[in-house]
1. Calculate how many DSSP beta bridges within segment 245-396 are antiparallel, expressed in % of all such bridges and rounded to the nearest 5.
2. Using r as the Cβ-Cβ distance of residue 58 and residue 142, and R0 as 51 Å, what FRET efficiency do you calculate, to the nearest 0.05?
3. Computing the accessible area with a 1.4 Å probe over protein heavy atoms, can you report the carbon and sulfur percentage for segment 354-396?
4. Considering only segment 63-179, what is the antiparallel percent among its DSSP beta bridges, to the nearest 5?
5. Using 0.36 nm times the number of residues separating residue 157 and residue 252, minus their current alpha carbon distance, what extension gain do you get?
6. Once amide H atoms are placed 1.01 Å from N in the peptide plane, what residues at a sequence separation of 5 or more from residue 228, or on another chain, have their amide H within under 5 Å of its amide H?
7. Starting from 0.36 nm per residue, how many nanometres of slack lie between residue 288 and residue 46 once their C-alpha separation is accounted for?
8. Using alpha carbon centroids, what distance separates segment 279-328 and segment 332-396, in Å?
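The values are calculated or read from the model by the stated rules, or taken from the named source; none is laboratory data. Note that the structure is predicted; figures quoted are calculated from it, not measured. No Cβ is skipped: glycine too gets one built from the backbone with ideal geometry, and neighbour counts run over all protein chains shown. With ligands, DNA and RNA removed, areas are computed over all heavy atoms of the protein, side chains included. Shrake-Rupley method; radii C 1.70, N 1.55, O 1.52, S 1.80 Å.
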Amino acid sequence: MNLANRLKPIKPSPTLALNAKAKALAAQGVDVVSLAAGEPDFDTPEFIKQAAIEALRQGFTKYTPTAGIQELREAICAKLARDNQLTYAPDQVVVTVGAKHAIYNLFQALLNEGDEVIIPAPYWVSYPDMVQLAGGKPVIVETREENGFAPDPDAIRRALSPRTKAVVLNSPSNPSGAVFSRAALEGIAQAVRGHDCLVVSDDIYEKLLYEGQFLNIGNVAPDLVSRMVVINGMSKSFSMTGWRMGYAAGPKWLVSGMQMIQDQSTSNAASFVQKAALAALKGPQDFFVPMVEEYRGRRDMVVDALNALDGVRCRRPEGAFYVLPNVSGLFGRTYKGTPVTGSLQLSEILLNDFRVAAMPGAPFGAEGYIRMSFATSREQLRKGLDRFKEFVTSLR
Ligand SMILES: Cc1ncc(COP(=O)(O)O)c(C=O)c1O
């Protein structure tokens, strides 16, 4: 027996492997500092937990419509109007089991064999694999650190082809933390305007913003809203990664297609989690302020410490909770007599010999970089940075 051919292009995820190894070491009692996680260390706000408990108590434990309960879809529309100045009707919204599920269903609903999706690098590891699982072809467009990792409109223009079905934008970005400026978004809008394709705006890190203003492409190019899909969810902003709650808003034809995929796979997201999401979206939003301030303090601490190291250069990210230091200045130096030549090798040494888990840049389309998450305590960050410094100073 063989696995289906559709799994052939999918490689085992090096990031999951690294995470698994870090967890296994920790389980053996090894004191590992994990800067690898893509999830907040903050707890889910109490009022959100209470809403889920209340829903359970009231017996709200049955199937709901696949696309989510009407009240939640209305609350999502209200959120999109309030925070993003975007107008959507509830039948243009589908509630999913995490934002990842929304993106997966989107590609399943949209792509035919060989259709292309433009993905600026560095990218979230899952985009290319999800495109390939739907039979599509990821077309990677490089960005430059000097330009703040914003996609270059000319590069997007060159990558567009008659087979391009979508362009994926993720700001604030995982892994770079880059936030695309109005000018950058206007340039991208100009590049895609003449081409009949969707623009996917993955806004999942929207609330984790340290500089400037959050904008998505629909805000700067209202003419593109009719072919934009907004992806968002509760995981990062509301510290709800384990609850699995996301959503998509977009053109009705597409959202209906996504719902059809969902009808035959997961059906609705958990009923009482939908009630929790409703409370989150309608409830007080002031807890973001101290949370973002804390992340900002950690960001500055990490960036300053990294930039003090010879051979390391780190851009100060405007959003999300990752730094993406350029470590290519360390390549060619030797560790215990062996030259360091790549991010995967560097991450392995860090984990095996210095007990720090940091993601290699390569799987994110960012060779020459590593990704460190600052969604962990300052104490852990300090310890991780000290160990990283020890590694850098041990190189010859
Ligand atoms: C850019 C980006 N989009 C989407 C997701 C998916 O989030 P979730 O499925 O937890 O809602 C993640 C999670 O790491 C992410 O980094």
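1. 90
2. On the way: r = 52 Å, r/R0 = 1.02.
For residue 58 and residue 142, the calculated efficiency is 0.50.
3. Working: 730 of 1580 Å².
Exposed carbon and sulfur together represent 46 percent of the surface.
4. On the way: 0 of 9 bridges.
Bridges in segment 63-179 that DSSP calls antiparallel: roughly 0 percent.
5. Values: separation 95, 0.36 × 95 = 34.20 nm, distance 2.69 nm.
Working it through step by step, the gained length comes to 31.5 nm.
6. 199
7. Values: separation 242, 0.36 × 242 = 87.12 nm, distance 1.35 nm.
That works out to 85.8 nm of additional length.
8. Between the Cα centre of segment 279-328 and that of segment 332-396, the gap is 18 Å.
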